[in-house]
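One structure is given below, encoded as structure tokens.
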Amino acid sequence: MTLVQLRHLIALADQASFSKAAQAAHISQPALSRSIRALEDELSLPLVDRVGRRVELTVHGRDTLERARQIVFDADELRARGQRVKAQAAGSLRIGMGSGPGAMLMTALLHKVCTGHAGLRLDITRSGTELLVQSLRAKALDGLVVDARSLKPAPDLRAEFVHEMRGAFLVRRGHPLARRRRALPFEALRAHPIASTPLSDEVARLLVERYGPQAHPEACVTLRCDELSSLVELARSSDAVLLAIRAAAPDLVELKLTPPLDATARFGLVTLARRTESPALELVRSLMRQRLRG
């Protein structure tokens, strides 16, 4: 039994036709038929049935196909791991970041690679979690740094969420709300524009639980943007109230509300389960440990 034979079986299952499978595998149809027949002889099991012009897998064929896909996947990953390790010194890292992690990590990661890993090619993608996950599954990205609350759990994703960061309502120094000495009711915030990145359903539920329906993002957020850095600059130069992770803008003033917000973001690294990691992802983990605190 060879990997080539298993790949031929996979192609046949995917195409349901010897001629189409042979074309996909870049071999002649007789050669594909001999390969499948040799696999059947070695396993002493019938793997395919011909139904008219179509080909269907037998019960044994379907079981063999499942195992074949896993064996081929593991073999490809072993090969990819060897290539990555060989090219580690002058390799590449393609990382996706959500708005919050991007504001905390992007510039620092660029600087770290520029000053200490000049042979590494770095490509950072900023987008919403759903689009980033699509790119990860397409293997266009090596990993993601996102907020757990925006990620839908799935068996093909491996998530390491270990960094919690506190959220807050933030304003510039000298803002009318910053002059209030007592804790503010949520209604006081609505006298000013409220800005945030897109918020998860979990955050929306927390806001409604704390402050009522008026605090739902669809009701209170008037300025929404994927780029947290742009919203921070807006808060610094206007009377906008920013809802964001506290550490993203340490120069802004945190408003005290009644009841307290008591919200956190859980940032972490997401990769494809069973896929061999890029060695350069350790740079991201190290940077996360250094900067994602608070």
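What to note about this one:
- Odd one out for residue 139 among (1) over 16 Å from the mean Cα position of the chain (by Cα); (2) of a type in the set (Lys, Arg); (3) closer than 25 Å to residue 76 by Cα: (1)
- So residue 146, is it at pLDDT below 95 and outside any helix (DSSP H, G or I): yes
- Filtered residues of segment 219-277 (kept if β-branched (Val, Ile, Thr) and more than 22 Å from residue 190 (Cβ to Cβ)): 264, 270, 271, 276
- Scoring residue 243 on the criteria (1) surrounded by 16 or more Cβ atoms within 10 Å (Cβ to Cβ); (2) outside the structural domain of residue 107 (by TED's automatic domain parsing); (3) in a loop (DSSP other than H, G, I, E, B) leaves a single failure, condition (3).
- Filtered residue count, segment 247-294, keeping only those that are small (Gly, Ala, Ser), out of contact with any strand residue (DSSP E or B) (no Cβ under 8 Å at 6 or more places or on another chain) and touching a residue at least 60 places away in the same chain (Cβ under 8 Å): 1
- All positions within segment 39-63 that are touching a Pro at 6+ places or on another chain (Cβ under 7 Å) and either outside any loop (DSSP other than H, G, I, E, B) or not assigned by TED's automatic domain parsing to the domain that holds residue 10 (or both): 40, 60
- Within segment 184-218, considering residues that are assigned to a loop (DSSP other than H, G, I, E, B) and in contact (Cβ under 8 Å) with a residue 60 or more places away in the chain, the one surrounded by the fewest Cβ atoms within 10 Å (Cβ to Cβ): 185
- Hey, residue 230 without any contact (Cβ under 8 Å) to a residue 60 or more places away in the chain and surrounded by 19 or more Cβ atoms within 10 Å (Cβ to Cβ) or not: no
- Of the candidates 35, 28, the single residue that is modelled with pLDDT of 90 or more, loosely packed, with under 13 Cβ neighbours inside 10 Å and more than 30 Å from residue 284 (Cβ to Cβ) is 28.
- Look at (1) under 19 Å from the mean Cα position of the chain (by Cα); (2) under 18 Å from residue 99 (Cβ atoms); (3) among the hydrophobic types (A, V, I, L, M, F, W, C) and you find that residue 168 fails only one, number (1).
- Which listed residue, of 289, 224, 246, 285, is in contact with a His (Cβ under 9 Å, 6 or more places away or on another chain) and of a type in the set (D, E, K, R): 289
- Residue count for segment 102-125 under the criterion of being surrounded by 18 or more Cβ atoms within 10 Å (Cβ to Cβ) and of a type outside the set (A, V, I, L, M, F, W, C): the result is 2.
- Consider segment 259-294 and keep the residues that are among the hydroxyl-bearing types (Ser, Thr, Tyr) and assigned to a loop (DSSP other than H, G, I, E, B). The one that is surrounded by the most Cβ atoms within 10 Å (Cβ to Cβ) is 278.
- Hits in segment 20-32 (condition: over 35 Å from the mean Cα position of the chain (by Cα), assigned to a helix (DSSP H, G or I) and farther than 18 Å from residue 61 by Cβ): 29, 30, 31
The values are calculated or read from the model by the stated rules, or taken from the named source; none is laboratory data. Because the structure is a prediction, the values reported are computed rather than measured. Backbone-built Cβ (ideal geometry, glycine too); neighbour counts: all protein chains shown.
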